[in-house]
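Please read the structure below before turning to the comments.
The values are calculated or read from the model by the stated rules, or taken from the named source; none is laboratory data. Just so it is clear, the model here is predicted, and its values are computed rather than measured. Cβ sites come from the backbone with ideal geometry, for glycine too, and all protein chains shown count toward neighbours. These area figures cover heavy atoms from the full protein model, side chains too; ligands, DNA and RNA do not enter into them. Shrake-Rupley method; radii C 1.70, N 1.55, O 1.52, S 1.80 Å.
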Amino acid sequence: MNDNNGTTETQGNNGFRAIFHADVTVGAVETRTSATKGDYSYIAGSKISYKGRENLGVVMAFGNQRAEVLEQLVEGNTVKLALQRDGGTLRVVGFPKERAPRQAKAA
């Protein structure tokens, strides 16, 4: 199902994780090193605003997605991000992309 906020949701447990757009007020930013020696951003205490609700949580950014948004990850800064749930954290996918309008199916 698609809603007007750029969210794609699915039914069932097929391993697909929905990507959604949210306003994130950046919390404390730490740069950590993964087991594969790559740096990632661990952002604790972020305020995530989505569909009129606000929650505090941990946001993490890795690899190319981290490089894309890194300049905006400043404590106290509010930025619109595309996110994906990953267990108890939210993983940055990047900045929201404009969707092309759906085309009607040919009869």
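A few remarks follow.
- Solvent-accessible surface (1.4 angstrom probe) belonging to LEU70, in square angstrom, nearest 10: 70 Å²
- Eligible lysines near LYS51 by straight Cα distance, threshold 16 Å, same-chain separation 8 or greater: LYS80
- Between ARG102 and GLU68, the distance separating the two model label sites (each 7 Å from Cα on the Cα→Cβ line) works out to 2.3 nm.
- Top positive-direction residue, dipole computed over segment 20-107 with Cβ charges, set LEU81, ILE43, THR31: LEU81
- Overall, the anisotropy analysis places segment 45-100 in the rounded class: the square-rooted eigenvalues a ≥ b ≥ c of its C-alpha gyration tensor yield a/c less than 1.5.
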